[in-house]
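Novice: Handing you this structure, nothing more for now.
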Amino acid sequence: MTSQPHTVMRKFEKVCEIIEKHNNDCSKLIPILQAVQEEYRYLPEDVICYVATALGIPSAQVYGVATFYSHFALKPKGKYVIKICDGTACHVKKSIPILEALLKKLKLTPDNMTTSDMLFTVETVSCLGACGLAPVLVINEEVHGLMTPESTVALIDQIIAREEAK
């Protein structure tokens, strides 16, 4: 059984609003994708195709932009995105044991960096620009400096407790 057109439209209603807000202008593809990702927390494949069709451009072009910029995600991310710096200053100050503690605490592997409950996603980044606070990690937009494996696990425990209290 196929989807009814109104069901499809309802699914893409927010995407339509975003595209309309940008005047259906394909030169505004990056801000459109940024807004779509903010809505979904990633860029679903069907949404990429829909954006391409709505803007009258090839889906390969949209996909090319989405894969070129590291800001865009093609896989779902957790509610809390933890970016751990492994730049030179952080690496020297032992960011890898922090990453290992995070992976162990959240039961993640290098092949699967998002928890099954979609609460956490762990990413390593080359530099967060806070070298004086090394080792550093960012959870969503909040910077946490001078971290240790223990303080990182305690921070995760606080977030989990806060989420369970909701």
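None of the figures in this text is laboratory data; all of them are computed from the coordinates on show. Since the model is a prediction, treat every value here as computed from it, not as a measurement. For neighbour counting, all protein chains shown are included, and Cβ atoms are generated from backbone atoms with ideal geometry for every residue, glycine included.
Novice: Rounded, prolate or oblate: which one fits region 110-166, using the alpha carbon gyration tensor with axes a ≥ b ≥ c (rounded when a/c is under 1.5, else prolate when a/b beats b/c, else oblate)?
Specialist: Details: a/c = 2.12, a/b = 1.40, b/c = 1.52.
Because a/c hits 1.5 or more and a/b fails to exceed b/c, region 110-166 counts as oblate.
Novice: Give the order of K94, K75 when sorted by the count of other beta carbons within 10 angstrom, beginning with the fewest. If you can, show how the numbers build up before the last one.
Specialist: Details: K94 14, K75 10.
Fewest-to-most ranking of K94, K75: K75, K94.
Novice: Per-residue HN-Hα couplings for region 87-101, Karplus 6.51 cos²θ - 1.76 cosθ + 1.60 at θ = phi - 60°, whole Hz, x for Gly and Pro?
Specialist: With the stated coefficients, region 87-101 comes to x, 3, 4, 5, 4, 4, 8, 6, 6, 5, x, 5, 4, 4, 5 Hz.
Novice: Are any of the pairs K11/K166; K14/K77; K21/K83; K11/K75; K77/K104 more than 22 Å apart by Cα-Cα distance, and if so, which? Show your work: numbers first, answer last.
Specialist: Numbers: K11/K166 28 Å; K14/K77 19 Å; K21/K83 31 Å; K11/K75 18 Å; K77/K104 18 Å.
From K11/K166; K14/K77; K21/K83; K11/K75; K77/K104, over 22 Å: K11/K166; K21/K83.
Novice: Amide H to amide H, which residues 5 or more places from E123 or on other chains are under 5 Å from it, using H placed in the peptide plane?
Specialist: Amide H neighbours of E123, under 5 Å, 5+ apart: I82, K83, I84.
Novice: Relative to the present Cα-Cα distance, how much length would full extension add between K79 and E123 at 0.36 nm per residue of separation?
Specialist: Values: separation 44, 0.36 × 44 = 15.84 nm, distance 1.32 nm.
My answer for the length gained is 14.5 nm.
Novice: Here is a further query. How much of the DSSP bridge set in the chain is antiparallel, in percent, rounded to the nearest 5?
Specialist: On the way: 8 of 14 bridges.
Restricted to the chain, the bridges split so that about 55 percent are antiparallel.
Novice: Based on the alpha carbon coordinates of the chain, what radius of gyration and maximum Cα-Cα distance (Dmax) apply, in Å?
Specialist: Looking at the chain, its Cα Rg and Dmax stand at 18.8, 58 Å.
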